[in-house]
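Chemist: I'd like to ask you about the structure that follows.
What follows draws every value from the coordinates through simple rules; no lab data is involved. Predicted, not measured: the structure shown is a model, and the values here were computed from it. Virtual Cβ from ideal backbone geometry, glycine too; neighbours counted across all protein chains shown.
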Amino acid sequence: MPIHKQTKNIINRLSRIEGHTRAVKRMVEENQPCADILIQIAAIRSAMDKVGRIILEDHIESCLLKSLEEGNVEQNLADLKIALDHFIS
């Protein structure tokens with residue numbers, strides 16, 4: 001069984017975000033109104049935040065539980081804290 005339960009969901013979401021990003025690039029190339037472009041960028045940000053949340057939940061439900069079973073929680077928590085500092089800032 002794979003460690004990460006949400007891999008397919010995450011990949012699907014990232015593919016949609018990728019398409020959305022290409023659409024924004026086209027909007028810029030076509031000189032679409034800035035307000036419309038900014039709205040689309042906000043949607044992309046929101047979608048990326050959701051992906052990040054899913055990855056975090058998946059990490060807690062899989063990696064941290066596995067590290068509890070294996071007895072190496074301290075290092076896994078330290079790595080998670082570093083990642084969260086970058087993700088949140």
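Chemist: Can you tell me the 0 to 90 degree angle between the C-alpha axis of helix 7-29 and the longest principal axis of the chain, rounded to 10?
Modeler: Roughly 20 degrees between the two axes.
Chemist: If you line up the long axis of helix 73-88 against the longest principal axis of the chain, both from Cα atoms, how many degrees apart are they, to the nearest 10?
Modeler: So the inclination is approximately 20 degrees.
Chemist: Full-extension gain between Ala83 and Asp36, please, as 0.36 nm times their residue separation minus the C-alpha to C-alpha distance. Each step should come with its number before you reach the end.
Modeler: On the way: separation 47, 0.36 × 47 = 16.92 nm, distance 3.22 nm.
Gain on extension, Ala83 to Asp36, equals 13.7 nm.
Chemist: Let me ask something else. Against the longest alpha carbon principal axis of the chain, how many degrees, from 0 to 90 and to the nearest 10, is the axis of helix 34-59 turned?
Modeler: Orientation of helix 34-59: about 10 degrees from the principal axis.
Chemist: Next question, about the same structure. Going by how many other Cβ atoms sit within 10 Å of their own, how do Asp36, Asp58 line up, fewest first?
Modeler: Placing the least packed residue first, the sequence is Asp36, Asp58.
Chemist: Which value in nm describes the separation of the simple spin-label points at Glu29 and Lys5, placed 7 Å from the Cα toward the beta carbon?
Modeler: Those two pseudo-labels are separated by 4.1 nm.
Chemist: Once you sort the root eigenvalues of the Cα gyration tensor of the chain as a ≥ b ≥ c, which label holds: rounded (a/c under 1.5), prolate (a/b larger than b/c) or oblate (the other case)?
Modeler: Verdict is prolate for the chain.
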